[in-house]
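Some notes on the structure that comes next.
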Amino acid sequence: YQWRVAYDPSKDSDLLTQQQFINPTSMKEDGFEEVFNTDSDGFLNRRLLAKADIIAVGDSLTGATTVSHEDMWPNVLSRDLGKSVYNLGVPYFGSMQELVVLKRFGIPKKPRLVVWGYFEGNDIWETEQFLEYQAYGRGWVDFQTMRSVGERAAYYKLPIVRLLLALASVKQTSEIFRDEFNPVHYAIGDQQHECAIFCSYTLRLAMSAEELRDHPGFGPTLDAIRRAKALCEENGAKFLLVYIPCKAHAYWPVIGGSVDAEAFWRYVHQYSADPQDGEAERLLAAMNENMDAQRDLIKAQLPAESFLDLTAPLQEAICGGTQVYYAYDTHFNRAGHRLCAREIARFVAEKKLVK
């Protein structure tokens, strides 16, 4: 499949298109135009490879058209290491789907290393959604429509009905009161910056280890990771999980101290109500206490040579004035992809994961 993308970060970013952003200003961020294609198996590669030194697995932080093809971190990693890297990243996939993809499309290419991109913002929750989909027992379009509008899904697949629903959603959203939380403004030296964060990913940073363990997607996510590692070892490949923090986590050192508690609470709850009796302050306290809980739980499942955390390198870059995510989007920009590739290449060389 082949298609043309003209990406403008000031117009096409997900926080804008999903209307989770309040007052966008003119950001001078580079966009791009490019013709993308999938290989004959449907993945974002220029061509199908029969064999590959490294397989990259993940979601839209691994394979998506928010940067040019050459700037995706698997392709940067290939150049940095001088090894063939095959990209199996698919937007919206969770760990159970990634395990299927690895087994069916990755392992047959006899890789020496599998790099598993784990995104803390939604991997557990997308695993939960996939379990619901399996239990539903019907097609994906029916399932997604059912989740939005209930069991009368067939009517809502009609184009005219979907158009009317979309227009009604826009009108409803435009009438919601929104205060001045997003974007968050911060300074590095004499340079002014801003970033906008995604409400659901950010709210999840307040979950404690106990709450995460109790989540229905957590156990199956861990099981998928364990099975992926075992599958690699059975086939002579090393396994490396790369932990990718959500944007709010990465930017917290520069924005956390300036957050207005009540405005923040209203935003992450999408203006459903006002905070009561110290709720806003308790939410910020929970975030500061639990922000690394998910990372620590995942890290505890793997040996040191199989776990790479990108949080600290991303935070260091941000504190130095480098934007590594788009201002109005949840995804890495070009600098973020390059940092990701650089850290993986450094770790692979240090641990001698690929001879």
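The values are calculated or read from the model by the stated rules, or taken from the named source; none is laboratory data. None of the values given here were measured: they were computed from a predicted structure. With ideal geometry, Cβ positions are generated from the backbone for all residues, glycine too; neighbour counts draw on all protein chains shown. We work out accessible area using only protein heavy atoms, side chains counted, and drop any ligands, DNA or RNA first. Shrake-Rupley method; radii C 1.70, N 1.55, O 1.52, S 1.80 Å.
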Review point. Under a 5 Å amide H to amide H cut-off, with H placed in plane at 1.01 Å, what residues pair with Gly121 once short-range neighbours are removed?
Key: Cys246
Practice item. Report, in deg cm²/dmol and to the nearest 500, the calculated mean residue ellipticity at 222 nm for the chain, where each DSSP H run with n ≥ 4 adds -39500 (n - 2.57) and the sum is divided by the residue count. Key: -13000 deg cm²/dmol
Practice item. Would you work out which of Tyr243, Ile107, Gln129 lies farthest towards the positive end of the dipole of the chain? Charges go on Cβ: Lys and Arg +1, Asp and Glu -1. Key: Ile107
Study note, to complete from the structure: For the chain, one quarter of the surface area of the C-alpha convex hull, expressed in nm², comes to 18.8
Review point. With every protein chain present, what accessible area does Cys199 have (1.4 Å probe, heavy atoms only), rounded to the nearest 10 Å²?
Key: 10
Point to revise | Other-chain or far-sequence residues with amide H under 5 Å of Asp309's (modelled H) | key: Tyr243
Exercise for review: Over the chain, give the accessible area per residue in Å² for a 1.4 Å probe, as an integer.
Suggested key: 47
Study note, to complete from the structure: Carbon and sulfur atoms account, in whole percent of the 1.4 Å probe accessible area of the stretch 33-141, for 52
**Study point:** Share of pairwise Cα separations in the stretch 19-131, more than 16 Å, in percent
**Key:** 62
Revision key, fill the gap. Computed Rg/Rh for the stretch 198-326 (Cα atoms; Rh = Kirkwood radius) stands at 1.03
**Study point:** Whole-number D in µm² s⁻¹ for the stretch 60-101, Kirkwood Cα-pair radius fed into Stokes-Einstein, 4 °C, 1.567 mPa s
**Key:** 118
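Size of the dipole of the chain about the Cα centre, Lys and Arg at +1 and Asp and Glu at -1 on the beta carbon, nothing else charged, in debye to 20?
1840
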Revision key, fill the gap. Normalised per residue, the volume inside the convex hull of the alpha-carbon atoms of the stretch 1-83 in Å³ amounts to 113
Check your understanding: Can you give the relative contact order of the chain as a percent, counting alpha carbon pairs under 8 Å and 6+ residues apart?
Key -> 22
Study note, to complete from the structure: When the charge dipole of the stretch 29-72 is computed with +1 on Lys and Arg Cβ and -1 on Asp and Glu Cβ about the Cα centre, the Cα farthest towards its positive end, among Ala56, Ser40, Val67, belongs to Ser40
Check your understanding: Farthest toward the dipole's positive end in the stretch 294-355, which of His331, Val354, Ala312, given Cβ charges of +1 (Lys, Arg) and -1 (Asp, Glu) about the Cα centre?
Key -> Val354
Practice item. Compute the length gained on full extension between Tyr271 and Asn37: take 0.36 nm times their separation in residues and subtract their Cα-Cα distance, giving the result in nm to one decimal. Key: 80.3 nm
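Quick one: pull the percent of accessible area on the stretch 260-355 belonging to carbon and sulfur, 1.4 Å probe, ligands and nucleic acids left out.
C and S atoms contribute 47 percent here.
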Check your understanding: How big is the accessible area of Ser40 in square angstrom, nearest 10, if you roll a 1.4 angstrom probe over the protein chains?
Key -> 100
Practice item. Among DSSP beta bridges lying fully in the chain, give the percent that are antiparallel, nearest 5. Key: 40
Study note, to complete from the structure: Counting only protein heavy atoms and leaving out ligands, DNA and RNA, the solvent-accessible surface of Arg147 at a 1.4 Å probe, in Å² to the nearest 10, equals 110
**Study point:** Values of log10 I(q)/I(0), in the order q = 0.19, 0.23, 0.27, 0.30 Å⁻¹, for the stretch 239-296 under a Debye, Cα-only, solvent-free model
**Key:** -0.76, -1.00, -1.21, -1.31
Practice item. Calculate the length of the line joining the C-alpha centroid of the stretch 27-81 to that of the stretch 283-330, in whole Å. Key: 23
Exercise for review: Taking all protein chains together and a probe of 1.4 Å, list Lys229, Lys103, Lys299, Lys28 from the most accessible to the least accessible.
Suggested key: Lys28, Lys103, Lys299, Lys229
